[in-house]
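Scroll down for the structure; my scribbles are underneath it.
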Amino acid sequence: MKGSLKLKTVLTTLIAAVLLMAAAAAISYQVYSGTIRRQYKTMTMNLAKTEAVTVNAEDVAEVRDEVMKIYRNICRDNGGVPDFGNFTQEQWEAYYQNFENVPQMPAYKRTLQLLHEISNANDINSIYIGYMDVETYYGIYLVDGSLNAEACLPGACDPFEKSNAEQMKKGNYDFPAYITNYEEYGWLCSAGAGIYDDDGEVVGTAMLDISMDAVMKNLHGFLFNLCLVLTMITVVICLVILYGINKTLLLPVKSLSEAATSFVSEKEKNSTEKVQSAISRLDIHTGDEIEELSDSIKTMEKEINDYIDHLTEVTAEKERMGAELNIAKQIQASMLPCIFPAFPERKEFDIYASMDPAKEVGGDFYDFFLVDADHIAMLIADVSGKGVPAALFMVIAKTILKNSAQNGFSPKEVLENVNNQLCENNEAEMFVTVWLGIMQISTGKMHCANAGHEYPAVRRAGGSYELFKDRHGFVLAGMEGTRYHEYEIQMEKGDSIFVYTDGVAEATNAENELFGTDRMLDALNQNPDASCEELLNNVRKEMDGFVKDAPQFDDITMLSMLYKG
């Protein structure tokens, strides 16, 4: 979303301030709350231990024995632990009648009196003594000394976690303090400690609950007051920060923005006049990076103006060079045989060729011409490099090759002669690969020589195109005095030959995969009986489908000849 820098700065500052305030409040609350909880847990556990050592273990043991005897008789008569969770009110009343004589025991009364004294002295919410039966996993209430609450009758049961049974079997009946929050009882901190007789045997568990409602309300009040103070501090700090940012950053940046915005409009209005711009009139002295930015923009304006003047000259020169390159492209295209059919009066053969440069002008070339009435020469070549240098070297190589071939030399002699001529004064160290074939039209006998060029593809009548892996010689203009090998291909009626430059096999798609000679042969053999022109179009169509939108990196040149006999 677009918006002013001032608005974004204000919003960013406020968001950062709110986040920091929330983090500070959360951390402070957690620290304070954690401290309170730890203190209450410690206090509750200490009181539980005090309760455990204060009561008389012999009295507790006497009450326990009586309650557990009644409880086990009930379980025996019931065939197991009764389903206390589904007891009705009548069943509970009948169950409690079994324990109605327990509160009359002197041991019970003495223990209850002690629990009342401990509760009064320490403001305890609930205090009671129970016994954890590890056989049935039930806690059995023995004495409940809670004040201002309905007393829990002896024999009342609550299930406990079976996982606690292992700790109890080891003799540890202490329950570390824990905090709960129930709708009925509110916030409670509870703990338990084992009651042991003189022999170290457990006789019960001293349990108590301390209300935390008041302290939790204080926690909420603390959080409210903390947020209020932090909000006031944050507002003051934000105002100070925003005032400083506005004066030292936003106003200078706004001046820079307005000056930069007016730069284009001033250039359009005063395209020919030299007037003082808004940028040059900036007067920013902040003594920091903003001032350095202002000076840099002034320098940049001067450099842009100089660059625009230079770019105008370069653009004019580029347009002139583009026009000249277009003329050069036309000249290069006119140097290659481009009128088809090339020899309409000759019925012994059909020939077709094409060349697509990667740039305005290229280094690939082809040629075919009649040496005499019974001999036709065909050649295809690829000059190293691209663009204008390759095109100039191509003109020289093509001219010398054609002149040498027309003088009646064999392909081997043509390549050797041309190689020596091209090596003279070749300071640019350019070279050219060439395939040259001269065919006797009447017999179909073709003499060929290869100077580092691609393998030709030959098709016999009724067959498929296959690579003819001839013997390669060294490239032309590579080394003076190089000798070349000549070989012979006997062309019969219906045979054809296809030659090409490496731009065909090395055409690359967006995944950097090469078109390759295998795909080229597949394209040729899709319709091997097609005319020479259709054959080249089929190959180019397959290449375009393979390359798709990837740019062309190399010149693409192809030549095909069908011998009709």
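The values are calculated or read from the model by the stated rules, or taken from the named source; none is laboratory data. Just so we're clear, the structure is a prediction, and the values are computed from it rather than from any experiment. All Cβ positions, even for glycine, are placed from backbone atoms using ideal geometry, and neighbour counts span all protein chains on display. Accessible surface areas use protein heavy atoms only, side chains included; no ligands, DNA or RNA. Shrake-Rupley method; radii C 1.70, N 1.55, O 1.52, S 1.80 Å.
Things worth noting here:
- Looking only at the stretch 368-411, and only at residues there that are more than 58 Å from the chain's Cα centre (by Cα), open to solvent by less than 60 Å² (accessible area, probe 1.4 Å) and among the polar types (S, T, N, Q), the one that is farthest from S334 (Cα to Cα): S410
- Residues in the stretch 77-90 include at least one that is under 20 Å from F160 (Cα atoms) and of a type in the set (F, W, Y).
- Enumeration of residues in the stretch 71-129 that are open to solvent by less than 70 Å² (accessible area, probe 1.4 Å), among the aliphatic types (A, V, I, L, M) and out of contact with any strand residue (DSSP E or B) (no Cβ under 8 Å at 6 or more places or on another chain): I74, A94, V102, M105, A107, L114
- Residue within the stretch 503-523 that is under 19 Å from F340 (Cβ atoms) and of a type outside the set (D, E) present: no
- Screening A353 with (1) farther than 18 Å from D502 by Cα; (2) in contact (Cβ under 8 Å) with a residue 40 or more places away in the chain gives one miss only, at (1).
- Among the residues of the stretch 172-216, those that are of a type in the set (S, T, Y), under 55 Å from the mean Cα position of the chain (by Cα) and not in a loop (DSSP other than H, G, I, E, B) comprise Y178, T180, Y182, S190, S211.
- The one condition from (1) among the aromatic types (F, W, Y); (2) open to solvent by 40 Å² or more (accessible area, probe 1.4 Å); (3) farther than 19 Å from S560 by Cβ; (4) more than 47 Å from the chain's Cα centre (by Cα) that F468 does not meet is (3).
- Near pairs, Cβ below 6 angstrom, 6+ apart or cross-chain, from the stretch 450-461 (within 22 Å of V475 (Cα to Cα) and of a type in the set (F, W, Y)) to any residue that is assigned to a strand (DSSP E or B) and open to solvent by 10 Å² or more (accessible area, probe 1.4 Å): Y455/L467
- Scanning the stretch 485-504 for residues that are in a loop (DSSP other than H, G, I, E, B), open to solvent by 10 Å² or more (accessible area, probe 1.4 Å) and of a type in the set (D, E, K, R) returns E492, K493.
- The set of residues from the stretch 46-63 being over 17 Å from I127 (Cβ atoms) and open to solvent by less than 70 Å² (accessible area, probe 1.4 Å) comprises just one member, A61.
- Within the stretch 101-128, the set of residues being more than 20 Å from K69 (Cβ to Cβ), in contact (Cβ under 8 Å) with a residue 24 or more places away in the chain and among the aliphatic types (A, V, I, L, M) comprises L114, L115, I118, I124, I127.
- Scanning the stretch 534-558 for residues that are touching a Ser or Thr at 6+ places or on another chain (Cβ under 8 Å) and surrounded by 15 or more Cβ atoms within 10 Å (Cβ to Cβ) gives L535, L536, R540, V547, D554, D555, I556, T557, M558.
- First in the stretch 386-401 and within 16 Å of L415 (Cα to Cα), second anywhere and polar (S, T, N, Q) and open to solvent by 70 Å² or more (accessible area, probe 1.4 Å), Cβ under 6 Å, 6 or more apart: I400/Q421
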